[in-house]
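What follows is a short report on a single structure.
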Amino acid sequence: ATTLYQLGGRGKVFSIENVGFSNPLTFRLGPDNRPAKDLNLEWRLSPDGSFSVSSNGNAHAEVVLRLEDAVPAAQETVDLAAVRARCVSNYDIERLYVPFAGIGLPLQPRFRSVRQIWLSEDNTELIARIEAEQDVTNGGMLFNPAVIDGTFQASMVFLQIETTKSLR
């Protein structure tokens, strides 16, 4: 909706690139179950297509948004069975969440939606099993936000592999 109405995106496709999370957005509830401090979220769009999300002067995320004319492209097909056959090495899920705790964001079980990851031998492909907790907070959602977060969390495996290589 934002692409269509605020950015003049009717008849266009968009991609979000170069996503960076610089400062996790966290807030605590006060005794009255309201945020302990006021939170003012800001969305800034630059002419070059980059935008940032910040609050109270702290940047939280920066991305580049690309809009292009909607031209039907050749469909790329992925042989999912072949990818599954190549992804046979289990990845330790606990290791996935260590960096989050290291920056002061120990994710609680409901936000740890990655259940299992299998990597290809060359570490270029992965298959992830991602599930939300089955509780009443999922009602009315097509995709639980924790599942969407899980897709980003699973992709962190590639970053951890690269970091490990650079430390050798």
Can you tell me which residue in region 74-101 is nearest to Met156 (Cα to Cα), limited to those that are open to solvent by less than 70 Å² (accessible area, probe 1.4 Å) and under 18 Å from the mean Cα position of the chain (by Cα)?
-> Leu96
Looking only at region 60-73, which residues are modelled with pLDDT under 80 and either surrounded by fewer than 10 Cβ atoms within 10 Å (Cβ to Cβ) or not aliphatic (A, V, I, L, M) (or both)?
-> His60, Arg66, Glu68, Asp69, Val71, Pro72, Ala73
In this structure, is Glu125 of a type in the set (Asp, Glu), at pLDDT 85 or above and open to solvent by less than 70 Å² (accessible area, probe 1.4 Å)?
-> yes
Of those in region 14-36 that are touching a Lys or Arg at 6+ places or on another chain (Cβ under 9 Å) and over 17 Å from His60 (Cα atoms), the residue modelled with the lowest pLDDT is Phe14
Residue in region 95-113 that is of a type in the set (D, E, K, R), part of a helix (DSSP H, G or I), out of contact with any Phe, Trp or Tyr (no Cβ under 9 Å at 6 or more places or on another chain) and modelled with pLDDT under 90 present = yes
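The values are calculated or read from the model by the stated rules, or taken from the named source; none is laboratory data. On a predicted model such as this, the values are computed, not experimentally measured, just so you know. Note: ideal-geometry Cβ built from the backbone for every residue, glycine included; neighbour counts use all protein chains shown. Ligands, DNA and RNA are stripped out before the accessible areas are found, and what is left, the full protein with its side chains, is counted by its heavy atoms. Shrake-Rupley method; radii C 1.70, N 1.55, O 1.52, S 1.80 Å.
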